[in-house]
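I have placed the structure first, in the form of structure tokens, so that the comments after it can refer back to it.
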Amino acid sequence: MARKPAAPGAVLAFLLAALVFLGGCSSIPTVGPVGTATASAGGSALSNQLSYSPPGPAEDAGPQEIIDGFITAGVGAGEDYSAAREFLTAELASSWVPSERVVIYGADPNVVPLPEPNAFQIQLEVVASVNAKGVRTESAPGTTETIQVRLTQNADEQWRISGIPNGVMISDVMFPTVFQAHNLYFYSSTYRYWVPDTRWFVQRSGMAASVVNAMLAGPAPYLQGAVTSAFPAETSLARDAVPVVSGVASVDFSAEVLEDSSDLSRQQMALQLEQNLRQLNNVNSVEMTVNQRPVDLGPESSELIPVQDNPSVGNTQVAVAGDGLTFFRDRQAQPIANLPDVSEYDPREPAVSVDLDTIAFLSGDRNTLLVTGPDKDVAPVAAGRGLSGPSIDPEGWIWSASHGDGGGPGSKLLAVGPDLRASNGAGLTPSWLADMTVRDLRISRDGARALLVVEQGGASRVLISGVVRASDGTPQTLTTPFELWTTAPVTTAVWVGETEVAALQKGQDDTLTPVILDLATENRVLAPWEGSFGLSGGDGAEDLFVQTPDAVYKKLGNGWIKEIDGLRDPAFPG
């Protein structure tokens, strides 16, 4: 559930309550040696963590058994994958980097001997992979990969692996019991919202340090340029550990990190640490130190603003009723006071701002984008061929996409500012969209990400891209996207949470089935509803509505219940 932002004057009070400070601190330490500590490295003391200790090589095991044992040892992350290293030669064991890549496979691997002596090939059905930063990338269905392996016999005539790429292999069944999803958080460009960045970490002690190190290394590629961190680039821990003692996580930095910082930047750093570490179930508070001396945050900066995570969109939707527009909540249509007549435009696919003050919609032919609202005139603000339904971001920009000129592939992005002037930035449409047609475009509730349903080469794709903005909030472009894989073509998709997306999948019999896509969990297919063709999503996957030609239905458990007759194209704010 979304949390309401604190009043500005309460931000520092909250921060001081959340961070633990030692007495006698009056300034940022800038000199002195880096201290030492004997406390545990800390991290997550997960009560439900399973400890996997796979066996090492059997005496006189053959090459095939050694390779099979090495693959199985991918679940044993303890002591830096000591079990897996036993299957390697001493030289390779000292240089092999298991964390560089995790290959997640489906069917059992197939090990095939090659013509070259003592050389083999591991054939894998790849479901996904995780890189060194913990970013998981799904693979297209049917993706396969081959990994080359070389073996040799040691002085004791025991077979060991002498050549294999860095990384481990683990089955899709075992992966979620060994790895845990964790959202890193970065600031939106306005510092008003927390933007989640889902990563995967091994469930073991020291997880707090893993989280901080990943945060300091920066956002995932698709978010670079769209989010910001309070910590300067190249910031690192003074020691590669974040001890957690009695629920207090101590994060120690070297003096250079903070010596030129302002009160505002230190307070923003502290808030970011708090946001990232309080999700761990063994962390109750955070202590930020330099050379193991607590950091003085200074008096509350007048520029420190509340930061929202997972902002709510409320319970009011906008919809088309006949040839007009209406609000819709609590199973009833609610007339919009002082709204001008829009019937001449045959409105379709309306969008509404979070404050319910601005409404954007398409003309019936979907070639004109119009804006209105209570006590506002109707204003055409953009034109294009086959516009996608508008989306209004938290900064007041209204987004849409038009089909390519001449009927070919490619779409042009449109962004209309709060002053109702369209952005004329030449780079707003990124080059990667050149051969894609945008069918759906929805900006996230934090304003930092765009959800797109596109067609490319006759197939649909669901993409999430970062929104890059100028300092005044003007959209500049979209970053190279991250793809969400589905088992069937998708016709439309909407945000239903900070990392959750609801989409309609089209089956072979043209039945549309809702599915929840989440970066942190497997896709969840919901019960289909005959005749559904549209979606709207509120605060969470349970606050989901489907549109049919006759009525709007709401998710109820594993089924759907009728909410209201006669409305079309309902949409929550955003």
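Quick notes on this structure:
- Of all lysines in the structure, those lying under 29 Å Cα to Cα from Lys506, and not within fewer than 8 positions of it along the same chain, are Lys412, Lys554, Lys555, Lys562.
- The charge dipole of the chain, taken about its Cα centre with unit charges on the Cβ atoms of Lys, Arg (+1), Asp and Glu (-1) only, comes to about 540 debye.
- Cα gyration tensor, the chain - rounded (a/c under 1.5), prolate or oblate: oblate
- The Ala140 and Ser82 beta-carbon pair, evaluated with R₀ = 35 Å, returns a calculated FRET efficiency of approximately 0.55.
- What separates the Cα centres of segment 168-238 and segment 267-293 is a distance of 14 Å.
- Where labels lie 7 Å past Cα in the beta-carbon direction, separation of Val525 and Thr316 in nm: 3.9 nm
- Magnitude of the charge dipole, segment 133-175, Cβ model with Lys/Arg +1 and Asp/Glu -1, debye to 20: 180 debye
- Angle in degrees between helix 63-72 and the longest Cα principal axis of the chain, rounded to the nearest 10: 50 degrees
- 0 to 90° range, to nearest 10: angle between helix 263-277 axis and the chain longest Cα axis: 70 degrees
- Three-way shape label, segment 415-457, alpha-carbon gyration tensor, a/c 1.5: oblate
- Given charges at Cβ of Lys, Arg, Asp, Glu: segment 63-173 dipole, positive-most of Pro165, Pro109, Phe70: Pro165
- For a label point 7 Å along the Cα-to-beta-carbon line of Val173, residues of segment 98-137 with backbone N under 14 Å: 105-109
- Listed residue (Ser94, Gln505, Pro350) projecting farthest to the positive dipole end of the chain, Cβ model: Pro350
- Antiparallel bridge percentage (DSSP; both residues within the chain; nearest 5): 90 percent
- For segment 63-173, size of Cβ-based charge dipole, Lys and Arg +1, Asp and Glu -1, in debye: 320 debye
- Dividing the alpha-carbon radius of gyration of segment 308-356 by the rule-of-thumb value 2.2 N^0.38 Å gives 1.25.
- Neighbourhood charge, 15 Å Cβ-Cβ cut-off, centred on Thr486 and excluding it, Lys, Arg +1 and Asp, Glu -1: -3
- Other residues whose C-beta falls under 15 angstrom from the C-beta of Gly427 contribute a net charge of +2, scoring Lys and Arg +1 and Asp and Glu -1.
- Exposed-site-free run, longest, the chain (rule: trypsin sites (Lys or Arg not before Pro); DSSP loop; at most 15 other C-beta within 10 Å): 4-277
- At R0 = 41 Å, FRET efficiency that the Cβ-Cβ distance of Arg348 and Ala107 yields, to 0.05: 0.35
- In segment 63-173, one over the average inverse separation of all distinct C-alpha pairs is 14.3 Å, which is the Kirkwood hydrodynamic radius.
- Fewest neighbouring Cβ atoms within 10 Å first, the residues Ile359, Ile67, Ile561, Ile305 line up as Ile561, Ile305, Ile67, Ile359.
- Proximal charge balance of Glu125 [Cβ under 15 Å; K/R count +1, D/E count -1]: -4
- Simple spin-label estimate for Ala337 and Leu237 gives 5.5 nm between the two label positions (7 Å along the Cα-to-Cβ direction from each Cα).
- This ranking places Thr499, Thr316, Thr146 by how few other beta-carbon atoms lie within 10 Å of each, fewest first, which gives Thr146, Thr316, Thr499.
- Global geometry of segment 274-381, whether rounded, prolate or oblate, following the gyration tensor of its Cα atoms and the 1.5 cut on a/c: prolate
- Modelled label reach - Glu65, point 7 Å along Cα→Cβ, segment 122-164 residues with backbone N closer than 16 Å: 152-154, 156-161
- Cα Rg over Rh - segment 220-334, Kirkwood: 1.19
- Listing Met169, Met207, Met174 from fewest to most neighbouring C-beta atoms within 10 Å gives Met174, Met169, Met207.
- Label-point separation, Glu116 to Lys506 (7 Å along Cα→Cβ), nm: 4.7 nm
- The H on the amide N of Arg439, modeled in the peptide plane, is under 5 Å from the matching H of Val453, Val454, Glu455, each at least 5 residues off or on a different chain.
Rule-based calculations on the coordinates, nothing more; no lab input. Keep in mind the model is a prediction, meaning the values are calculated, not measured. With ideal geometry, Cβ positions are generated from the backbone for all residues, glycine too; neighbour counts draw on all protein chains shown.
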